[in-house]
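What follows is one structure encoded as structure tokens, with my remarks underneath.
Rule-based calculations on the coordinates, nothing more; no lab input. Just so we're clear, the structure is a prediction, and the values are computed from it rather than from any experiment. All Cβ positions, even for glycine, are placed from backbone atoms using ideal geometry, and neighbour counts span all protein chains on display.
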Amino acid sequence: MALNFREYPGEMGTAGSLQRRGDRSRDGSAKPRLKPKSGFKSKLKSGLKSKPRPARVPAARAKSAPASGAAAKPKSERSRDLILRSAAQLFRHQGFSATTLRQIAARAKIKAGSIYYHFHSKEEILDEVLDRGLRHVFETVKHAVERAGKASHRHRIGLAIEAHLVALLETSDFTSANIRIYGQLPEHLKKPHRPLRRAYAAYWDRLFRNARRAGEIRADMEIVPLRMFVIGSLNWTIEWFRLDNRQAVLELARRTEMLIFEGVRKP
């Protein structure tokens, strides 16, 4: 008998567009140029002078910047990245609602008003933090599996497990913030991220379904609960496993693959 499963709020994944979050609005239409809210300067510390806002760097252009270290990036992009990383750290440890723009600015060691040169609101920062965490995991997993070519399905799933854990290590602040706070967010903040989450879930479903079709997974195994178990287990490692050692991460991936395919019963 098939079981019914709601979308797991902590999963990093169902089928949808991989369009960048910054290029669309919440209803999926082209994102209009935002205007500063009336009186937003009054929220800042008195004495801050209003300065003309420079043009924002489009996300796609920022993505194509040289990746040869932080020094190779333009100053505006480095500042933007610093704000996002600082926000991710705060969201991760104290949640979205409890985090203020002043706290983000203080952690980034910039003036509070400088945030508005890059982002119009805390919600816009949240959008990019959530998107960056999951997108990096998804792209890392896809790249690892694609490089495997015609390997066995078990090997491909093993590579996906390994890549997911390595990606958690590489962007731990962003992925951890995504995993910890997504389920606590109000509906209007979660909705824009569902297409990417569903696309990632669907990607894993295909990996498991292909393995079942090839006889490498039991025919009576239901795919959705299997995927939820695996991804949920991988995501939860941020709470109990030290992801600062790559070799330890690779060993954990190997043991996870063995557990899935061989179980815990003594042979």
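How large is the convex hull of the C-alpha atoms of the stretch 100-157 per residue, in Å³? Numbers along the way, then the final one.
Values: hull volume 6.4 nm³, N = 58.
Once divided by residue count, the hull of the stretch 100-157 is 110 Å³.
Would you mind counting up the charge near Q94? Only other residues with Cβ under 12 Å from its Cβ, with Lys and Arg at +1 and Asp and Glu at -1.
Numbers: positive: R92, R107, R180; negative: none.
Net charge in that neighbourhood comes out at +3.
Work through the residues other than I161 whose Cβ is under 11 Å from its Cβ and net out their charges, Lys, Arg +1 and Asp, Glu -1.
Numbers: positive: R154, R156, R254, R255; negative: E162, E257.
In short, +2.
Cβ neighbours within 10 Å, averaged per peptide: list 249-256, 185-192, 224-231 in order, most packed at the top. Kindly include the intermediate steps, with their values, before the conclusion.
Working: 249-256: 16.0, 185-192: 13.2, 224-231: 18.5.
Sorting 249-256, 185-192, 224-231 by mean packing, highest first, produces 224-231, 249-256, 185-192.
For every other residue with a beta carbon closer than 13 angstrom to the beta carbon of E257, add +1 if it is Lys or Arg and -1 if Asp or Glu, then tell me the sum. All intermediate terms of the calculation are to be shown ahead of the outcome.
Values: positive: R154, R156, R254, R255; negative: E162, E216, E251, E262.
Once all neighbours under 13 Å are counted, the net charge is 0.
Can you compute the FRET efficiency between S152 and R198 using 1/(1 + (r/R0)^6), with r the Cβ-Cβ distance and R0 = 30 Å? Round to the nearest 0.05.
0.65
Express in nm, to one decimal, how much length is gained between A98 and F229 on full extension, taking 0.36 nm for each residue of separation and deducting their alpha carbon distance. Could the numbers behind the result be given before it?
Details: separation 131, 0.36 × 131 = 47.16 nm, distance 3.01 nm.
Taking A98 through F229 to full extension adds about 44.1 nm, to one decimal.
Using only Cα atoms, what Kirkwood radius does the stretch 194-245 have, in angstroms? Before the final figure, lay out each step's value.
Numbers: mean 1/r = 0.0812 Å⁻¹.
Taking every pair of different Cα atoms in the stretch 194-245, averaging 1/r and inverting gives 12.3 Å.
What are the extents of the Cα atoms of the stretch 165-232 along their three principal axes, in Å, largest first?
40, 27, 16
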